[in-house]
Amino acid sequence: MNAEAVNPASPGSVTSEHVTSTGPRRKARPRLDLRRLGRAALLGTTARDRLPDAIGHVVDAHRAHHPDADLEILRRAYVLAESSHRGQMRKSGEPYITHPLAVTLILAELGAETTTLTASLLHDTVEDTDVTLEQVGEEFGEEVRYLVDGVTKLEKVDYGAAAEPETFRKMLVATGNDVRVMSIKLADRLHNMRTLGVMRPEKQERIAKVTRDVLIPLAERLGVQALKTELEDLVFAILHPDEYTHTRELIVRNAARADDPLAEVADEARKVLREADIPAEVLIRPRHFVSVHRVSRKRGPLRGADFGRLLVLVNEDADCYGVLGELHTCMTPVVSEFKDFIAVPKFNLYQSLHTAVAGGDGQVVEVLIRTHQMHKVAEAGVVALGNPYAVPPEEQQSASDGERVDPTRPGWLSRLLDWQRAAPDPDTFWSTLREDLAQDREITVFRPDGGTLGLPEGATCVDAAYAQYGEDAHACIGARVNGRLATLSTVLKDGDTVQLLMGQDAASEPSREWLEHAHTPAARIAIQRWLAAHPAPDGATAPDTAARPPAQDPAPSPTPDAPAPGRPGAAQVLADRAGATVRLAGCCTPVPPDEVTGFPVRGGAVTVHRVGCAVVARMKGAGRAEVGVRWGEGAECRVTLVAESFVRPHLLADLTEAMALEGAEIVSATVEPPERQQVRHTYTVQLPDAAHLPALMRAMRDVAGVYDVSRAQRQAPGV
């Protein structure tokens, strides 16, 4: 292995890992002399109709991908960048212009179109020179202005410690409208990481951690593997120097071996494909440092085939499957290693067939099969798509003014942009962003209406609810997964169909327990915002119940009258029957602070009903006299509650345990036969104080599977 491939910090390593499969490894592009480029930038003036020598490498790389590109705008951008940065030096001692030149070269090698390269040359001018965004817009157009603005940092003098997270928030919002913003930022970070050695160790570590936690996941999600792999190696070298040194020694030692099992299998594959008359290029693709380190931790001592994979490039999609069939027929396949990312591409645009074959000595060789276009996208991701906003000539008349339809904006980016608006402060945004980006796999679940939801792996029905309904998901009461009733904590799998069951109560509220099942930032932030706005009432002891505020003050109204006989502090009779025995009607089970009225019954007792009870209307209609009653202090109460729930194992035990924890004494209970996977429970409970009723009903609602709890409203027999 040549030194260029061994050193992950080399400018040429974006392309140097590709080696031909016929003969010795291809010589890497000569290392760019950034000092020479900087010197050229500072020497004299350049004729207006000539391209400066300093951007010759950029032009060559750009023309390789875009032979007909108009280079005049690049010339003007370079002249402005060079003149505005003139006199500025990097910490390495190089003229500052070498940095935008190197960033632009990275993008040019990946195939970025002219507008991106123009903005890349100018990306630091507004931040570090006297050039303004208005000047950039006037000279180079609105698109270039937007890209430059998107990558321009916010000032610490204005934002203090929040400058970095707020800069990333601004950059992500800009990326939501134009993914080329993040392409420039990734190339910018790559060049800065290549030259990080001049910084203090503590600053190197801080920058490397942000790169690991934020930039590398973004590169992965945008499919820019060429940048992602080099960034991983550079971070690896800084944060894990011992492991990096050991891995480097393994790679160097393997490169010095006389025999190469990868080359032997590559030769056999070429022979098989040649005899099958399938035009294909078979290459040996060395693993990068972090990949070798991961494989060594997974497999133990490495063999020669573990240091790389075979890459087979063909012209047409159908040829990919033809290659797969020939290799599986004529060689020994490892069927368990087969994956089809052509029929089902990854969320970051990646497409390939993955398989593995066994060599003659038993070593397993991994094989990647893809078309040339798939390979371009696999390496450069969204950068390879050129200008995603260019409208074809035949569609220009029908396109709305100013409207951008972005085919490169994937579901994960839309979700990220949605939840970032709800993040209440920079610290929450920064920590949640890192948590979100750590979820590096995405699943797709289907809705009954034919729509889809993109969710991170490990997402639950709670996450699906907030992804589909936003904060309206507070009213979610259950779900069906693949047609079967499921709890909201159910973890979803790729391809599941999810039907979310929504309650009709506008005042529906989320449960604190949902936080344990919320995997996505959007769900967690929405639930946390509701809980923060509705704190638990004083005295609430159950930490996992939802904070459900009572509709009205539950404290009983005091009265100067003496308490009636019987339960202390119960409903008290006013007027001429003061002191009479009080009974609470079983038809409506009134409790404080219900508005109540009473009717005398046999034996001199008074039965108390809720004013709205249907029996009250019947008794009034029959001419029965009412008796004024009022709640006393500290009233015990007996109340009948109805719980509606989905059928699930252990539901009854969980529900009665939750009620007991709230101090409720169950006087009687009935459970009706299940119907359509739903069941109704009716409980009459004794509470030491009516003020406990709202907390009891909250605790019952928070039991998994219970979607509603209400006061009983049964009809009573005629009096």
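Brief remarks on what is shown
- Residue among THR167, THR175 that alone is in contact with a Leu (Cβ under 6 Å, 6 or more places away or on another chain), at pLDDT below 90 and buried (at least 16 other Cβ atoms within 10 Å of the Cβ): THR167
- Here the condition is being part of a strand (DSSP E or B), β-branched (Val, Ile, Thr) and under 16 Å from the mean Cα position of the chain (by Cα); of VAL445, VAL462, VAL498, it holds for VAL445 alone.
- Within the stretch 501-538, restricting attention to residues that are under 23 Å from VAL445 (Cβ atoms) and assigned to a loop (DSSP other than H, G, I, E, B), the residue that is modelled with the highest pLDDT is ALA518.
- The residue of the stretch 465-495 that is farthest from the chain's Cα centre (by Cα), among those that are part of a loop (DSSP other than H, G, I, E, B) and either of a type outside the set (Val, Ile, Thr) or not assigned by TED's automatic domain parsing to the domain that holds VAL445 (or both), is GLY483.
- Scanning the stretch 195-209 for residues that are touching a residue at least 40 places away in the same chain (Cβ under 8 Å) and either buried (at least 18 other Cβ atoms within 10 Å of the Cβ) or of a type in the set (D, E, K, R) (or both) gives THR195, LEU196.
- Test: residue in the stretch 681-699 that is among the polar types (S, T, N, Q), touching a residue at least 12 places away in the same chain (Cβ under 8 Å) and over 16 Å from VAL639 (Cβ atoms): no
- Residues being under 20 Å from VAL382 (Cβ atoms), assigned to a helix (DSSP H, G or I), out of contact with any Gly (no Cβ under 6 Å at 6 or more places or on another chain) and of a type in the set (Val, Ile, Thr) - total across the stretch 156-192: 3
- Pairs with Cβ under 6 Å, 6+ apart, first in the stretch 138-162 and surrounded by fewer than 16 Cβ atoms within 10 Å (Cβ to Cβ), second assigned to a helix (DSSP H, G or I) and of a type in the set (Asp, Glu): TYR159/GLU166
- Restricting the search to helices (runs of 4 or more DSSP H) fully inside the stretch 249-331 and requiring at least 3 residues that are surrounded by fewer than 18 Cβ atoms within 10 Å (Cβ to Cβ) and in contact (Cβ under 8 Å) with a residue 60 or more places away in the chain gives 261-275.
- Enumeration of residues in the stretch 357-388 that are within 16 Å of THR116 (Cβ to Cβ) and among the polar types (S, T, N, Q): ASN387
- Within the stretch 117-144, tally of residues that are part of a helix (DSSP H, G or I) and more than 29 Å from the chain's Cα centre (by Cα): 16
- Matching strands (runs of 3 or more DSSP E) fully within the stretch 632-719 where at least 3 residues are modelled with pLDDT of 80 or more and within 42 Å of the chain's Cα centre (by Cα): 637-646, 678-687, 706-711
- Residue in the stretch 155-170 that is under 21 Å from the mean Cα position of the chain (by Cα) and small (Gly, Ala, Ser) present: no
- Filtered by the rule that a residue be basic (Lys, Arg) and in contact with a helix residue (DSSP H, G or I) (Cβ under 7 Å, 6 or more places away or on another chain), the stretch 246-295 gives ARG248, ARG257, ARG287.
- Taking the criterion of being surrounded by 16 or more Cβ atoms within 10 Å (Cβ to Cβ) and among the acidic types (Asp, Glu), the residues of the stretch 210-248 that qualify are ASP213, GLU220, GLU230, GLU232, ASP233, GLU243.
The values are calculated or read from the model by the stated rules, or taken from the named source; none is laboratory data. Being a predicted model, the structure only gives us computed values, none of them experimental. Quick reminder, even Gly has a Cβ in these numbers, built from the backbone with ideal geometry, and neighbours come from all protein chains shown.
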